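Colleague: Provided herewith is a single structure, encoded as structure tokens, for subsequent inquiry.
Just so it is clear, none of the values below were taken in a lab; they were calculated from the coordinates. Model, not experiment: these values are computed from the prediction. Please note: Cβ atoms are built from the backbone with ideal geometry, for glycine as well, and neighbour counts cover all protein chains shown.
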Amino acid sequence: MEFKKVYEPKEIEKKWYTFWEEKEYYKANPLSLKPKFSIVIPPPNITGPLHIGHALNNTIQDILCRYKRLSGYEVLWVPGIDHASIATHNQIEKELRKEGKTRFDIGKEEFLKRAWVWKEKHHQLIVSQLKGLGCLCDWSRFRFTMDEDYSYVVRYAFVYYYKKGWIYRDLRIINWCPNCHTAISDLEVKHKEVEGFLWYIKYPLKNDPRYLVVATTRPETMLGDTAVMVNPNDERYKDLIGKKVILPLQEREIPIIADEIKVILPLQEREIPIIADEIVDINFGTGVVKVTPAHDPNDFIIGKKYNLEFIKVIDEDGKIIPPAKERYVGLDRFIARKRILEDLEALGLLEKVERYKVPVGVCARCETIIEPLISKQWFLKMKELAKPAIEAVEKGEVKFVPQRWKKVYLDWLYNVRDWCLSRQLWWGHPLPVYYCVDCNEIMVTMEKPERWIVMR
């Protein structure tokens with residue numbers, strides 16, 4: 001037999017993979033008396049073709065499965081794909097932008113039609129790539145994360161944890177992506193440092209010629225400040241705790257009704273308190289921080305603790321909204337930042353500017369800077385769920401390779417926050433939550449209630 005000088009993998013690999021499929025070597029027999037080994041493929045997203053990372057990942061799985069088969073095991077390698085709600089939305093909306101449209105222009109029904117077409121196209125592509133890699137998965141057990149069986153389990157789990165008291169709806173700070181127009185979980189936020197600035201802004205004291213200087217990386221949020229805060233042990237400010245400062249740029253007009261005629265009184269200065277808490281780092285900036293409870297997760301906690309106002313001044317589009325002054329309303333948050341800084345400088349309230357490495361969170365899918373917003377969403381309590389996961393690692397039932405990832409894993413679970421479950425997207429699993437049209441009461445149930453209840 002004459003061997004070709006150059007190896008042509010396509011001919012050889014296609015021939016043998018076709019042979020394996022014809023003989024159904026990929027099928028796992030649950031009645032086999034052999035020892036069992038099973039592995040579930042981490043389902044690739046349907047957002048596009050597989051890349052080099054998938055090739056590496058699946059090659060490792062393939063090696064494990066081949067080794068186990070040769071060692072006399074009955075092997076089950078379960079294949080599947082992930083609907084990837086946010087990522088798929090991004091891809092389809094990119095296509096829509098080429099047509100000069102948004103998902104809101106075409107509506108939910110048409111958008112979902114496009115999503116299913118997208119899914120079928122990439123389903124076939126991904127399967128062909130996996131076969132091209134030589135992955136002998138059990139294709140008779142192929143799964144998609146929006147198969148009805150999985151949708152049922154998602155609804156069941158939601159109802160179960162809701163009845164258990166671990167799922168709740170509340171007004172809290174969430175990670176909002178102004179581009180994807182949805183709340184996202186902590187794990188869907190990437191953290192990085194960018195070149196930025198630290199702006200030092202003067203907050204005049206009420207009835208006092210002095211002022212406090214606040215250092216901030218986000219001056220646009222000052223429109224929603226409801227306090228400034230110092231460390232109670234900071235000798236520089238002890239005599240000012242409990243007094244008030246005037247919030248720059250946010251004078252308020254006071255409308256009154258007199259003899260059925262609306263009268264606008266002169267602008268009134270907006271006063272906010274000076275509070276003290278040991279959470280303040282004396283060495284950061286001037287040791288004085290602004291508190292914006294509706295736009296920062298730490299400030300939200302402070303706002304609850306000291307019963308402050310929660311004033312939302314940035315909306316879901318990333319634009320300034322009332323009660324910010326009309327001069328800023330409707331501006332994108334970063335354009336508003338420039339105008340605010342110009343106004344502060346004109347008023348002599350911008351003391352100085354320093355270059356600063358700013359930590360920011362960006363959406364893992366579209367790289368848009370996340371806007372922390374106060375919003376009513378659904379959350380899952382994580383502390384109880386984390387306990388058995390922590391115990392399994394600490395008892396050695398689960399091992400990490402390399403070992404250093406054990407600490408990363410445990411640090412995350414020890415400090416995990418309640419999980420935001422809500423997504424404002426059309427493609428994905430809908431929550432089994434229904435709202436009464438007449439009274440807006442909530443019903444969480446597996447079965448769709450009567451027609452007078454609608455799901456949001």
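Colleague: Charges at C-beta only: +1 for Lys and Arg, -1 for Asp and Glu. How large is the resulting dipole of the chain about its Cα centre, in Debye rounded to 20?
Modeller: Using only the charged Cβ atoms, the result is roughly 1420 debye.
Colleague: Select from Gly330, Phe300, Tyr434 the residue farthest towards the positive end of the dipole of the chain; place +1 on Cβ of Lys and Arg, -1 on Cβ of Asp and Glu, and compute about the Cα centre.
Modeller: Tyr434
Colleague: Okay, next question. Which whole-angstrom value gives the distance between the alpha carbon centres of the stretch 29-105 and the stretch 279-338?
Modeller: So the separation of the two Cα centres works out to 41 Å.
Colleague: Using only Cα atoms, find the angle between the long axis of helix 405-414 and the longest principal axis of the chain, and express it within 0 to 90 degrees, rounded to the nearest 10.
Modeller: With both axes taken from Cα atoms, the answer is about 50 degrees.
Colleague: Can I ask one more? So which chymotrypsin sites (Phe, Trp or Tyr not before Pro) in the stretch 387-448 end up in coil per DSSP with only 14 or fewer other C-beta atoms within 10 Å?
Modeller: Phe400
Colleague: Also: Cβ neighbours within 10 Å, averaged per peptide: list 271-281, 147-157 in order, most packed at the top.
Modeller: Per-residue Cβ counts within 10 Å, averaged per peptide and sorted highest first, yield 271-281, 147-157.
Colleague: Also: If one takes the longest principal axis of the Cα atoms in the chain, at what angle in degrees, from 0 to 90 and to the nearest 10, does the Cα axis of helix 148-164 lie?
Modeller: Between helix and principal axis, roughly 40 degrees.
Colleague: Moving on to the next point. What percent do you get for the relative contact order of the stretch 9-146 when only Cα pairs under 8 Å and 6+ apart count?
Modeller: About 38 percent, as a whole number.
Colleague: Considering the values (i) 4, 20, 28, 24, 16, 7, 1, 0; (ii) 4, 15, 18, 17, 15, 12, 9, 7, 3, 0; (iii) 3, 14, 22, 22, 18, 11, 6, 3, 1, 0, 0, which represents P(r) over Cα pairs in 10 Å bins from 0, in percent as calculated for the structure under consideration?
Modeller: Label (iii) holds the value from this structure.
Colleague: Further question on the same structure: What 222 nm value per residue comes from the helices of the chain, counting each DSSP H run with n ≥ 4 as -39,500 (n - 2.57) and dividing by all residues, nearest 500 deg cm²/dmol?
Modeller: The helix-only estimate for the chain comes to -10000 deg cm²/dmol at 222 nm.
Colleague: Sequence gap at least 6, Cα distance under 8 Å: using those rules, report the relative contact order of the chain to the nearest whole percent.
Modeller: 18 percent
Colleague: Note the angle between two axes, namely the Cα long axis of helix 85-98 and the longest principal axis of the Cα atoms of the chain, as a number of degrees from 0 to 90, rounded to the nearest 10.
Modeller: 80 degrees
Colleague: So if each residue of separation counts as 0.36 nm, and I subtract the Cα-Cα distance between Asn57 and Glu441, what length gain in nm does that give?
Modeller: Contour length minus Cα-Cα distance gives 133.6 nm.
Colleague: Using only the alpha carbons of the stretch 9-146, determine the length spanned along each of the three principal axes and report them from longest to shortest in whole angstroms.
Modeller: Sorted from largest, the Cα extents of the stretch 9-146 read 57, 33, 26 Å.
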